[in-house]
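Participant: Pasting in a structure now, in structure tokens, and then I'll have a few things to ask.
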Amino acid sequence: MTTPDFVLALREHVGHAPLNLVGVTAIVFRDEKVLLGKRADNGAWQAVSGIVEPGEEPADAAARECLEEAGVAVKVERLALVQQLPRVTYANGDEVDYLDLVFRCTWVSGEPYPADGELTEVGFYDLAAMGDVDDAHVRKIALAMAEDDPAHFRGGRPPRAAQPGRPSTTSTT
């Protein structure tokens, strides 16, 4: 998987320390099929994903990644899921905490192909034939299927109560 230049520049300063990065996953539908690709680095079947560039709108990043990785133009319709992924430690020791924004998208044009080498195979597949897709990606696809559902998220814990010597996180006005 290609590492963006801004991440390489950050790594020059922080070494292998954990980075908080925003990632996007594009769940792209065409008719009754979903766009899936086989990753070149680990062979896993999943939806198109990538990292949001500095200053880039996340929905634009999802559309860009579809064009770069799979050669397809998409319309981003809605946010389907916001989640913090478990920390990833890469083979070189780099650690990353990804905030994953999952978008429902609709195919506009282009026939899928492995455009930039991050995927070895890519195409539209029947939803019923997703046997090689892991449960996390099946969940993302399921949440994106409904056209008008609100976005899902995890967390939402109530703020911590004020402690002596610590300002309260709740307003008194």
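Participant: For the range 128-141, which positions are surrounded by fewer than 14 Cβ atoms within 10 Å (Cβ to Cβ) and either in contact (Cβ under 8 Å) with a residue 60 or more places away in the chain or more than 27 Å from Thr3 (Cα to Cα) (or both)?
Facilitator: Within the range 128-141, Ala128, Ala129, Gly131, Asp132, Asp134 meet the criteria.
Participant: Does Pro150 satisfy the condition of being loosely packed, with under 14 Cβ neighbours inside 10 Å and not in a helix (DSSP H, G or I)?
Facilitator: Numbers: loosely packed, with under 14 Cβ neighbours inside 10 Å: yes; not in a helix (DSSP H, G or I): yes.
Yes.
Participant: Can you tell me which residue within the range 24-42, out of those that are touching a residue at least 24 places away in the same chain (Cβ under 8 Å) and surrounded by fewer than 20 Cβ atoms within 10 Å (Cβ to Cβ), is nearest to Val76 (Cα to Cα)?
Facilitator: As a first pass, look at the range 24-42 and keep what is touching a residue at least 24 places away in the same chain (Cβ under 8 Å): 24-41.
Filter once more, so that each one left must be surrounded by fewer than 20 Cβ atoms within 10 Å (Cβ to Cβ): 30-33, 38-41.
Values: Arg30: 13, Asp31: 15, Glu32: 17, Lys33: 16, Lys38: 22, Arg39: 22, Ala40: 25, Asp41: 26 Å.
Once the filter is applied, the top-ranked residue is Arg30.
Participant: Okay, next question. Taking the condition open to solvent by less than 50 Å² (accessible area, probe 1.4 Å) and at pLDDT 95 or above, does Ala17 pass?
Facilitator: no
Participant: Select from the range 77-92 the residues that are under 15 Å from Val22 (Cβ atoms) and buried (at least 16 other Cβ atoms within 10 Å of the Cβ) and list them in ascending order.
Facilitator: Leu79, Leu81, Gln83 - these are the residues of the range 77-92 that are under 15 Å from Val22 (Cβ atoms) and buried (at least 16 other Cβ atoms within 10 Å of the Cβ).
Participant: How many residues does the range 109-144 hold that are over 21 Å from Leu85 (Cβ atoms) and among the hydrophobic types (A, V, I, L, M, F, W, C)?
Facilitator: So the first thing to find is which residues in the range 109-144 are over 21 Å from Leu85 (Cβ atoms), and the list is 109-117, 120-129, 131.
When the remaining residues are screened for being among the hydrophobic types (A, V, I, L, M, F, W, C), the result is 115, 122, 124, 127-129.
Result for the range 109-144: 6.
Participant: For residues that are open to solvent by 20 Å² or more (accessible area, probe 1.4 Å), within 21 Å of Val7 (Cβ to Cβ) and in contact with a Gly (Cβ under 9 Å, 6 or more places away or on another chain), tally how many sit in the range 93-115.
Facilitator: 6
Participant: Shifting gears a bit: If I ask for residues that are closer than 10 Å to Pro112 by Cα and open to solvent by 20 Å² or more (accessible area, probe 1.4 Å), which ones from the range 62-76 would you list?
Facilitator: To start, the set of residues in the range 62-76 that are closer than 10 Å to Pro112 by Cα comprises 66-67, 69-73.
Hits for the range 62-76 are Leu67, Ala73.
The values are calculated or read from the model by the stated rules, or taken from the named source; none is laboratory data. Keep in mind it's a predicted model, so treat the numbers as computed, not measured. Cβ coordinates were reconstructed from backbone atoms using ideal geometry, including for glycine residues, and neighbour counts include every protein chain displayed. Calculation scope for accessible area: heavy atoms of the full protein, side chains included, ligands and nucleic acids excluded. Shrake-Rupley method; radii C 1.70, N 1.55, O 1.52, S 1.80 Å.
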